[in-house]
Amino acid sequence: MWVGANCRQAKCIKIEKAAAIADARDADQVAISGVVRQARAHRPSTRVRVGTKDAGENMMRIGYKTAAVVVVSSAIATAVFFGSLKNGNAQSATRYLPEYTADGQLLLPKNFHEWVYLGSPLTPNALNGGMAGFPEFHNVYIEPGSYAIYKKTGEFPEGTIFFKELQLTLPGQNPDGSRTEPSGRGYFPGPFNGADVTVKDSKRFADTNGWGYFNFNHHEPKAAMAKVKAKEECAFCHIAYAKKDEVWTQFYPLLDKLDSK
């Protein structure tokens, strides 16, 4: 009885092994069929003999190639997708244009510290009989979109904004207003002191050669809005002395070098 039971057990084991092998072959066959379908989808002319060792190896090679094609295609698609997003963002980038209240006052421009910095002329009191019109550093910025157009055309487009933030010098230690710091004797930036803004709008400011001039206080904090200045307050000086289109391009190398090309 024990021997008979042993035989039956052995037969069961053989049957189970055979079934497992058959299942494995079926799984392989399904996998190969899937690869064949995928390969045919990518390479319609490929012919494969299923059921032989060579065919299995061919299937594996085709499978690897197909997988590589899929991966590369996905990578290309991803690159194209993100590239299109980048180009789209660049194309959709808009200029920051002047904003006005209902009664024509200019709102203080936003994020001007992120604009293109042009330079910082200085006219301290100590060098102007104690009565400098602007006894500060003039930190001048131009709106980036307008600057980009100027670089291409050499002309300031309508809506161009120049932002001049005024910045006092640190208290002087010498008769000429200079002081000595670790870097040497000179003039050094101190607290901010208000701002002036210039806007190009040929229709709105026709009386002042197409530019409007605004003061947002000569102290801090800066005003939230400002009325346009009369011609005799600001415009006349720009009209008489500025190098190009009422702008002091002679003081700003980024603009002047473009104008001299």
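The values are calculated or read from the model by the stated rules, or taken from the named source; none is laboratory data. Given the structure is predicted, the values throughout are model-derived calculations rather than measurements. When we count neighbours, we look across all protein chains shown, and the Cβ atoms used for this are built from the backbone with ideal geometry, even at glycine. The protein model used for the area step is the full one, side chains on, heavy atoms only, and it has no ligands, DNA or RNA in it. Shrake-Rupley method; radii C 1.70, N 1.55, O 1.52, S 1.80 Å.
A few remarks follow.
- Exactly one residue among Phe216, Phe188, Phe192, Phe205 is touching a residue at least 40 places away in the same chain (Cβ under 8 Å) and among the aromatic types (Phe, Trp, Tyr), and that residue is Phe216.
- For the criterion of being in contact with a Gly (Cβ under 7 Å, 6 or more places away or on another chain), buried (at least 17 other Cβ atoms within 10 Å of the Cβ) and either at pLDDT below 95 or not polar (S, T, N, Q) (or both), Phe251 fails.
- Strands (runs of 3 or more DSSP E) contained in the stretch 139-214 and holding at least 2 residues touching a Pro at 6+ places or on another chain (Cβ under 7 Å): 161-169, 189-200
- Counted residues, the stretch 215-232 - those being outside any loop (DSSP other than H, G, I, E, B) and of a type in the set (Lys, Arg): 1
- Checked against the criterion of being assigned to a strand (DSSP E or B) and under 14 Å from Thr160 (Cβ atoms), the stretch 247-257 has at least one qualifying residue.
- Top-ranked residue in the stretch 86-120 [being modelled with pLDDT under 95 and assigned to a loop (DSSP other than H, G, I, E, B); ranked as least open to solvent (accessible area, probe 1.4 Å)]: Ala93
- The residues listed here are Lys257, Lys261; of these, the one that is under 29 Å from the mean Cα position of the chain (by Cα), open to solvent by 80 Å² or more (accessible area, probe 1.4 Å), within 24 Å of His113 (Cα to Cα) and at pLDDT below 95 is Lys257.
- Residue list for the stretch 135-152, filter: more than 18 Å from Gln250 (Cα to Cα) and open to solvent by 50 Å² or more (accessible area, probe 1.4 Å): Pro144, Ile149, Lys152
- Screening the stretch 163-186 for residues that are crowded, with 16+ Cβ neighbours inside 10 Å and touching a helix residue (DSSP H, G or I) at 6+ places or on another chain (Cβ under 9 Å) and picking the one that is farthest from Pro135 (Cα to Cα) gives Phe163.
- Candidate set: the stretch 208-240, residues that are at pLDDT below 95 and charged (D, E, K, R); chosen: the one surrounded by the fewest Cβ atoms within 10 Å (Cβ to Cβ): Glu232
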